[in-house]
1. If you check Phe142, Phe135, Phe111, which single one turns out to be touching a residue at least 24 places away in the same chain (Cβ under 8 Å), open to solvent by 10 Å² or more (accessible area, probe 1.4 Å), assigned to a helix (DSSP H, G or I) and among the aromatic types (Phe, Trp, Tyr)?
2. List every residue pair whose Cβ atoms lie under 9 Å apart, where the two residues are 6 or more positions apart in sequence or sit on different chains, the first residue falls within segment 419-431 and is within 17 Å of Leu513 (Cβ to Cβ), and the second residue, located anywhere, is in a loop (DSSP other than H, G, I, E, B) and among the polar types (S, T, N, Q).
3. From Thr632, Thr641, which residue is open to solvent by 80 Å² or more (accessible area, probe 1.4 Å), at pLDDT below 80 and among the polar types (S, T, N, Q)?
4. Identify the single condition in (1) modelled with pLDDT under 75; (2) open to solvent by 10 Å² or more (accessible area, probe 1.4 Å) that Ala377 does not satisfy, given that it satisfies every other one.
5. Could you check segment 121-166 and list, in sequence order, the residues that are touching a strand residue (DSSP E or B) at 6+ places or on another chain (Cβ under 7 Å) and closer than 17 Å to Leu296 by Cα?
6. Could you figure out which of (1) polar (S, T, N, Q); (2) within 16 Å of the chain's Cα centre (by Cα); (3) over 17 Å from Lys349 (Cα atoms) isn't true of Ser320?
7. Could you please let me know if Ser184 is modelled with pLDDT of 85 or more, surrounded by fewer than 17 Cβ atoms within 10 Å (Cβ to Cβ) and either in a strand (DSSP E or B) or of a type in the set (S, T, N, Q) (or both)?
8. For segment 164-181, name all the residues that are part of a loop (DSSP other than H, G, I, E, B) and free of Cβ contacts under 8 Å to residues at least 12 places away in the same chain.
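The values are calculated or read from the model by the stated rules, or taken from the named source; none is laboratory data. Here the structure is a predicted model, which means the values were calculated and not measured. Glycine gets a Cβ as well: all are built from the backbone with ideal geometry, and neighbour counts include every protein chain shown. All accessible areas refer to the heavy atoms of the entire protein, side chains included, with ligands and DNA or RNA removed. Shrake-Rupley method; radii C 1.70, N 1.55, O 1.52, S 1.80 Å.
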Amino acid sequence: MDITIPLLILAMPLGMFFLLGLAGMKMPHRLAGILGTTGMGLVMALSYYTAFQYFFCAPGSAFMNTAGERLQFIVFNATWLEFTPNLVIKLGFLLDPISALMLVVISSISFMVHLYSMGYMRDHHGVYEKGFQRFYAFLSLFSFSMLGLVVATNIFQMYIFWELVGASSYLLIGFYYTRQSAVSASKKAFIVTRFADLGFLLGILALSYYVGSFDFIQLTSVPVDGIANTYHVDLSAAENVKNIFATSTAPMFMGASVLTWALVLIFMGGMGKSAMMPLHIWLPDAMEGPTPVSALIHAATMVVAGVYLVARLFPLYLMSESAMTIIVVVGALTALYAAIVACTQIDIKRVLAFSTISQIAFMMVSLGVARPEHHEALGYMASMFHLFTHAMFKALLFLGAGALIHAIGSNDYTDMHGLRKYMPVTHWTFLIGCLAIAGIIPFSGFFSKDEILSSCGQYSPLVYIWMSAVAALTAFYMFRLYYLIFWWKEHKTPEGHHAPHDQPWTMSLPLILLAAVSCVAGFIPFGKFVSWNGEAYDFLAHFDWSVASISLIVAVLSIGLATFMYRKENELPAKMRNALPALWRWAHHRFYFDELYMFITHKIIFGCISRPIAWFDRHIIDGSMNGLAYVTNKASEAIKTFQSGKVQMYVWWYLIGAIILSVVTAIAIL
């Protein structure tokens, strides 16, 4: 494959970042938006072309062997740093099923957000917000970072772009830097993810130290549990992985193999980016950024980076049962926690934020339960399938929320009742998003969610019941939100304000397109494109209708309960809160995780650790240095009369010194 198009996919958003960042303030706002949107549109077209070339290649091509097995293909791979002949950091472009999938997802959502922002980032009088060009520059930087992350040929290149993603998300979350809440949210996201990324880096170093390679193809080409290797590459590092970690003599540390420690540390990085407990606290506060940023970063792209990381190293994770179990436990706890909290929030963006945490945890659980003996690791394909469908309907929901906020001027659903008559386009597209995430046939979420539940059922009945409960809560809180916004009671327009209405085409068109994708994406034979170990199969062929029927009934019952409680104004929600006041209070305050972290940081770390260290530094260390300086100054004051300029005094001091030396010498001799 010619490297021109892959290079342009990476170079265009980077070039747009520099152009808008350096020259944006000298050009009109509208021109900056058109340039940014056009550039991202070209990147989307090139990404689609690249993915099409990869997925629909003919057998015997560079992407598929004669047996019909889809191969991993390195378009280019340039050496950047060389530590040893084997330990080399390269910068390249890797095409395989999941990277091609992510190219489509990232470029599509990013283009929709660029187009949507043309309308969102200006007021009802057509005046663009201050810093509009800077906003588009940051969007381009983020898109470049995510694209570079998903096509990385090695884990260290991924780490470099991983950090760039963190930096660009920090800039976008803190876009409204005049607001203290936005500044605090951006710092919170940056600090929490930096702690997680430290674990990621330590995991990379531990893994590369024993294996001797950063390369993904070599690391992930290890035959696992008798499954034949698909990729025809140099397997020296892969065999090294197998020889080192798949034997009883594997290096150990504190009762676990080094491989397990490395994989858990790498997963820690994924926990930070994907907001898994207990590193989830940054995501709800990140809603302080503009709503298009929430759709791009916190619904479809950055937050799935952790899922993509585990999927990329999936063969290695299969070698560590302990690491896979940790993924299942963390994912299951996070999914239920976030679903419960979402049921009590009144800020619509926070409801969607906790919904995102829950759905990302769904994907993590799906990867954790995937085993080769369970229909060729069905959970792997199901996770990637849900990643794709979730990106579309969650971006739709966030952009729909942005349209509501733009029309009403508030994030609080209590200001939004009865809007279906005023905003029909937003209403119908938002309803499609709710039906998709609730898992109602024939919308996309029905197929991907039930694939995950099927894989959970093959793994453990307990995990299946747990995740089914999460799915039920998802349908309930999403339709609670839907009814409170569009039904409940008639909307009253505040005095002096215009009646709410649908937004301009730049905001409505992305909603319609994403809604259309959410209607039909479930019928894509996803297993033919993204499946474990290159085993192509149509997911519809093994779709478990017994599981799907049960989950569909549960979803309909949950929606029915939400309809009964929230379609019309009544006292039932208040009665439920009063019946379980403690649970509602704890859930509304996110189970006090933020307060716990504030207590740990301020009272324990700052108060009990940092303050005594600061006192020791100021009084002991600085005091000692200041004392030495004081003594030196006093001594110099005392002896400065020795240099008086009088020769007679110098002779006297010389004689006194000579006598003292003579006496000391005589004593020493005796």
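1. Values: Phe142 fails: open to solvent by 10 Å² or more (accessible area, probe 1.4 Å); Phe135 fails: open to solvent by 10 Å² or more (accessible area, probe 1.4 Å).
Just one listed residue meets the conditions, Phe111.
2. Within 9 Å, the pairs are Val425/Gln503; Thr426/Gln503.
3. Working: Thr632 fails: at pLDDT below 80.
One residue alone meets the criteria, Thr641.
4. Going through (1) modelled with pLDDT under 75; (2) open to solvent by 10 Å² or more (accessible area, probe 1.4 Å) one by one, Ala377 breaks only (2).
5. First pass over segment 121-166, keeping only residues touching a strand residue (DSSP E or B) at 6+ places or on another chain (Cβ under 7 Å): 121-122, 128-129, 151-154, 156-157.
Hit for segment 121-166 is Met121, nothing else.
6. With respect to (1) polar (S, T, N, Q); (2) within 16 Å of the chain's Cα centre (by Cα); (3) over 17 Å from Lys349 (Cα atoms), Ser320 is out only on (2).
7. Values: modelled with pLDDT of 85 or more: yes; surrounded by fewer than 17 Cβ atoms within 10 Å (Cβ to Cβ): yes; either in a strand (DSSP E or B) or of a type in the set (S, T, N, Q) (or both): yes.
The answer is yes for Ser184.
8. Initially, segment 164-181 is screened for residues part of a loop (DSSP other than H, G, I, E, B), giving 174-179.
Matches in segment 164-181: Tyr177, Thr178.
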